[in-house]
């Protein structure tokens, strides 16, 4: 049961990662000249639903894929160790503990089950940590993307102004601004 579940989850993760990487990257400046910015709150909301989705939305594909695969892998690890914990606890510890809970065999089996329980908890907390990182990084990434897009737009506008060949002549009696355009 656990092996087929892991294969199924692995296949789903692989398909999702392929779908996320196959999306074309959107340009910050649209053809009509309007600037398309990324909502930081929207990025957080997306990462709250699926870890890494907000980072993809903020055009940070590598970190988005890393967050998604990391969180998913840790959750799969938690599922596998939970199954192992239940197996050891139910099939090995409980039958021995019902006979004599203080016996060395019962204590040994309890320690084995407890190790698996602690490992499961580690995987769950690590997955929560990666997910929280995904939330924070999607917000920061969206703001950085917006700042870079605005800066690029300003640079493009400055290049357009430079192409106008403005000439400014100042004398004590007049101020003359000429726009020179060659066709």
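The values are calculated or read from the model by the stated rules, or taken from the named source; none is laboratory data. Every value quoted in this text rests on a predicted model; they were computed, and no experiment measured them. Every residue, glycine as well, gets a Cβ built from its backbone with ideal geometry; the counts of neighbours run over all protein chains shown.
Of note:
- Condition check for residue 122 on (1) touching a residue at least 12 places away in the same chain (Cβ under 8 Å); (2) under 38 Å from the mean Cα position of the chain (by Cα): one failure, at (1).
- Out of 41, 49, sole residue that is under 30 Å from residue 154 (Cβ atoms), surrounded by fewer than 17 Cβ atoms within 10 Å (Cβ to Cβ) and modelled with pLDDT of 90 or more: 41
- Boolean, residue 114 is modelled with pLDDT of 90 or more, closer than 20 Å to residue 55 by Cα and surrounded by 12 or more Cβ atoms within 10 Å (Cβ to Cβ): no
- Residue match in the range 55-65 (condition: under 11 Å from the mean Cα position of the chain (by Cα), modelled with pLDDT of 90 or more and surrounded by fewer than 17 Cβ atoms within 10 Å (Cβ to Cβ)): yes
- Given (1) crowded, with 18+ Cβ neighbours inside 10 Å; (2) more than 22 Å from residue 40 (Cα to Cα), index of the condition residue 108 fails: (1)
- The combined condition, being exposed (fewer than 10 other Cβ atoms within 10 Å of the Cβ), within 40 Å of the chain's Cα centre (by Cα) and not in a strand (DSSP E or B), is fulfilled by residue 159.
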